[in-house]
Amino acid sequence: MNIYNSWGFTENPFNTTALTADERGIELLVGRDQEIHRIISRLHTPPKIVTLEGQIGIGKTSIANVAAFKAFRQYINGETDQLLIPCRRNFQITGDKSADDIVEDVIVEIAQTIIEKSEYLKDKGVVVPKTAKIDKWLNSPILNAIQTGLSILGFGGTASRGISVNTSNGFRESGLEKQVHEWLNTMFPKGSGGGIICIIDNLELLETSSVARTKLEELRDRLLNVPGIRWIICGANGIVRSVLSSNRLEGYLYNPIDVGGIDISFAGEIFSSRVRTFVVNKNYFYLPLTIPDFAKMYRILNGNLRNSLGKIADYCMFVFDEGITPETDGQKNQEFENWILDEGNRYLESLESHLSPGVWKVFDQAINIGGAFSPSDHSEFGYDKPQGIRPFIKQLEDHALVETSRDDSDNRRKNIQVTAKGWFVAFTRSYYGAKYQNYQIK
């Protein structure tokens with residue numbers, strides 16, 4: 001049984017996946033008006049690429065998706081003459097993907113996006129290229145030309161048995177890349193400023209800024225600088241700022257829009273928007289927590305929405321498993337408080353015998369300075385050299401209290417962050433009287 005169905009919801013209202021580029025995404029994105037405005041203004045001011053920087057789980061992908069859809073809706077509503085269309089899915093660049101693989105992936109998805117939107121755009125008066133042949137080709141498991149021996153869509157080369165649309169050779173021989181460029185020129189003539197909005201997500205997956213720079217440099221002329229494609233690049237751990245130092249990318253990227261946590265004052269609206277969106281009947285539903293409970297979790301986890309939603313979902317499952325049904329707000333608040341402390345105590349019991357006072361001292365200071373730092377910040381921890389705190393960081397990392405994004409090419413980056421488990425532990429220790437200077441949960 002889906003517990004949320006039994007409580008009167010269509011699905012889990014605390015789902016942690018990124019918001020989608022549609023009306024639902026707009027409904028669920030709260031407290032991000034400033035970031036949305038900045039992204040759209042940059043999308044409307046080509047050719048530079050929009051970039052976002054912020055900690056993992058802070059909501060960059062959701063913001064980028066919703067901004068892309070809002071930009072599209074502005075054109076449909078007649079608010080702008082720049083046609084911007086969200087690509088139907090986002091992209092991730094990993095170390096094992098070659099430039100050819102990435103280009104193929106993007107070009108195919110742009111083609112599919114244009115195909116999916118073609119009839120709708122025609123109805124809105126947009127000049128759309130003929131897509132029927134490529135639609136038939138891309139969306140067939142095997143090229144229809146295999147049986148006939150005819151040229152593949154007239155792009156050059158003769159089809160032979162075994163060539164399929166998902167092979168790199170088939171892609172390069174077909175001329176699809178050239179065809180999609182022609183489509184883009186038709187839909188977004190020179191000077192129009194419009195384009196297909198493509199999002200590169202989780203750039204930090206490349207682990208080091210040197211690898212990220214190399215990958216993006218390889219893609220600069222084949223993808224990033226192509227008229228008719230507008231880009232948003234999202235990354236964490238300072239990797240986007242590091243990429244800006246590339247000579248070959250200088251002048252191509254806007255300075256990053258810094259994405260921080262949503263202000264705690266929006267916690268109520270975050271909670272309410274999810275209830276409104278997923279409830280079947282607003283007069284008949286149940287949740288075992290209140291808005292203040294959600295706000296408290298959001299504070300504990302230092303404004304990380306993804307982590308907060310995940311923990312709330314954990315609590316809901318706990319309540320269901322235990323058969324607990326607090327009814328009044330007071331009962332819900334108390335049950336939630338008990339669960340938080342029990343959860344925190346379980347963490348502490350597994351840690352106390354393993355971590356020395358020196359490790360806790362580093363951890364406490366990491367909390368005091370906001371939960372993000374690097375070995376080069378050693379003086380803030382009372383050490384003369386980075387080597388002084390590294391053994392303690394290693395122990396904290398081994399116990400999942402911090403996570404490290406390594407970058408040996410830029411030691412100035414704040415590439416160590418307190419995890420959700422770390423913030424939970426910090427709250428529990430604070431609750432039981434641990435001495436903190438700047439960390440108080442109310």
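The values are calculated or read from the model by the stated rules, or taken from the named source; none is laboratory data. Please read all numbers here as calculations on a predicted model, not as lab measurements. Here the Cβ is made from the backbone with ideal geometry for all residues, glycine too, and neighbour counts use every protein chain on show. Accessible surface is based on the protein model in full, side chains and every heavy atom, while ligands, DNA and RNA are left aside. Shrake-Rupley method; radii C 1.70, N 1.55, O 1.52, S 1.80 Å.
Starting from the stretch 256-284, take each residue that is closer than 10 Å to residue 30 by Cα and touching a residue at least 60 places away in the same chain (Cβ under 8 Å) and list its partners that are open to solvent by 60 Å² or more (accessible area, probe 1.4 Å) and in a helix (DSSP H, G or I), counting only C-beta distances under 7 angstrom and pairs at least six apart or across chains.
Final answer for the pair search is 273/27.
Those residues that are in a helix (DSSP H, G or I), of a type outside the set (Ser, Thr, Tyr) and touching a residue at least 60 places away in the same chain (Cβ under 8 Å), I need them from the stretch 57-71; list them, please.
Within the stretch 57-71, 60, 63, 64, 65, 67, 68, 71 meet the criteria.
Which of the following residues is under 25 Å from residue 205 (Cα atoms) and surrounded by 13 or more Cβ atoms within 10 Å (Cβ to Cβ): 348, 396?
Result of the check over 348, 396: 396.
In this structure, is residue 117 over 22 Å from the mean Cα position of the chain (by Cα) and crowded, with 19+ Cβ neighbours inside 10 Å?
Yes, satisfied.
Taking the stretch 190-204 on its own, how many of its residues are assigned to a strand (DSSP E or B) and surrounded by fewer than 22 Cβ atoms within 10 Å (Cβ to Cβ)?
0
Looking at residue 103, is it surrounded by 13 or more Cβ atoms within 10 Å (Cβ to Cβ) and at pLDDT 75 or above?
Judged against the criteria, residue 103 is a match.
Within the stretch 253-305, which residues are under 30 Å from residue 200 (Cα atoms) and charged (D, E, K, R)?
258, 263, 269, 274, 299
Considering each residue of the stretch 72-106, count those that are acidic (Asp, Glu), more than 20 Å from the chain's Cα centre (by Cα) and not in a loop (DSSP other than H, G, I, E, B), and give that number.
Number satisfying all stated conditions: 3.
Does residue 240 satisfy being under 18 Å from residue 95 (Cα atoms) and touching a strand residue (DSSP E or B) at 6+ places or on another chain (Cβ under 7 Å)?
Against the criterion (under 18 Å from residue 95 (Cα atoms) and touching a strand residue (DSSP E or B) at 6+ places or on another chain (Cβ under 7 Å)), residue 240 qualifies.
For the structure I just gave you, tell me whether residue 228 is more than 20 Å from the chain's Cα centre (by Cα), modelled with pLDDT of 90 or more and at positive phi.
Criteria met by residue 228.
Looking at the stretch 288-347 only, could you name the residues that are of a type in the set (Phe, Trp, Tyr) and either under 24 Å from residue 276 (Cα atoms) or in contact with a Gly (Cβ under 7 Å, 6 or more places away or on another chain) (or both)?
Result: 294, 298, 315, 318, 320, 336.
Filter the stretch 54-75 down to the residues that are buried (at least 24 other Cβ atoms within 10 Å of the Cβ) and touching a Lys or Arg at 6+ places or on another chain (Cβ under 6 Å) and list them by number.
63
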